[in-house]
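**Q** Right, I'll just put the structure down here and ask away after.
Here, each number is a calculation from the coordinates, and none is a lab measurement. Not measured: the values here are computed from a predicted model. Here the Cβ is made from the backbone with ideal geometry for all residues, glycine too, and neighbour counts use every protein chain on show.
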């Protein structure tokens, strides 16, 4: 691992960066063109937990952590900035986890108030890659380590973020919140099934269930997507959230698709048997039955060759 100095910062301070040529590429990339709304504050206006949590403090027996507002600036520490309107953090890369998960927590709280009348209790919002699914709700998925308390999980698939807008991603969040609502009401269907009650609740918040994700799809069944109703409650609520400057910061990096090596078709000119392999001259193929070389073809049909010459070349090997 190699340590190197980055460009000098203001007031002569320098930052240390770490580069590792053997490190694996990141699975996440920052969404481009992120704009934050005004209204950030720092210093004395920071909430108590934000001011203390990201920085090391001296702890003594029977004493509380000390604030280090004055020493942070002198030692080049970056102060955490908190957006009062979008309820999200804007900090350096040391708090990427806080930025990402706080955004979804803020969105959950916002839609819970606007679309569900604060009827949904808190749960654990997670990110996980799961096949082609955009997300899922799983009841009582987590248990406390200190006691028997359980909580539910609402999971979103970051691989599904690529190519979708923030509005579409958050519509999936609300889709799973409807599953959560059904669970709290006590009329949830069997797992992975979307019944008439689910369809009715979706329509109430401005999302229309559809097996195809487009108008005309089935509203009831196992695999179920949805589309956003123009001018519906969800769309109006999202516009209110977006007006605060809310933006999602990270999404999965698109997978690098390796180009498959093309194979060459080899055909026996006598019996027309075909095999496939690497292109010549790296590979030479003989027909075991006819004892003559097979011919590499690109059009799928064998070339017209002199069988006597092929047989002679085979026995000469």
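**Q** I'd like the FRET efficiency for residue 151 and residue 263, computed as 1/(1 + (r/R0)^6) with the beta carbon distance as r and R0 of 51 Å, rounded to 0.05. Write out the running numbers ahead of the final one.
**A** Values: r = 52 Å, r/R0 = 1.02.
The formula returns an efficiency of 0.45 here.
**Q** Fully extended, how many nm does the chain gain between residue 184 and residue 243 (0.36 nm per residue separation, minus their Cα-Cα distance)?
**A** On the way: separation 59, 0.36 × 59 = 21.24 nm, distance 3.06 nm.
Taking 0.36 nm per residue and subtracting the Cα distance, the gain is 18.2 nm.
**Q** Same structure again: Length gain on complete extension for the stretch residue 284 to residue 119, per 0.36 nm per residue less the alpha carbon to alpha carbon distance?
**A** 52.3 nm is the gain from fully extending residue 284 to residue 119.
**Q** May I pose another question? Most exposed first by the Cβ proxy, i.e. fewest other Cβ within 10 Å, how do 137, 234 rank?
**A** If I rank by nearby Cβ atoms, fewest first, I get 137, 234.
**Q** Could I have the simple spin-label model distance between residue 96 and residue 192, label points 7 Å from Cα toward Cβ, reported in nm to one decimal?
**A** About 3.2 nm, to one decimal.
**Q** What's the FRET efficiency of residue 218 with residue 143 using the Cβ-Cβ distance as r and R₀ = 41 Å, to the nearest 0.05? Walk me through the numbers on the way to the answer.
**A** Values: r = 36 Å, r/R0 = 0.88.
The computed FRET efficiency comes out at 0.70.
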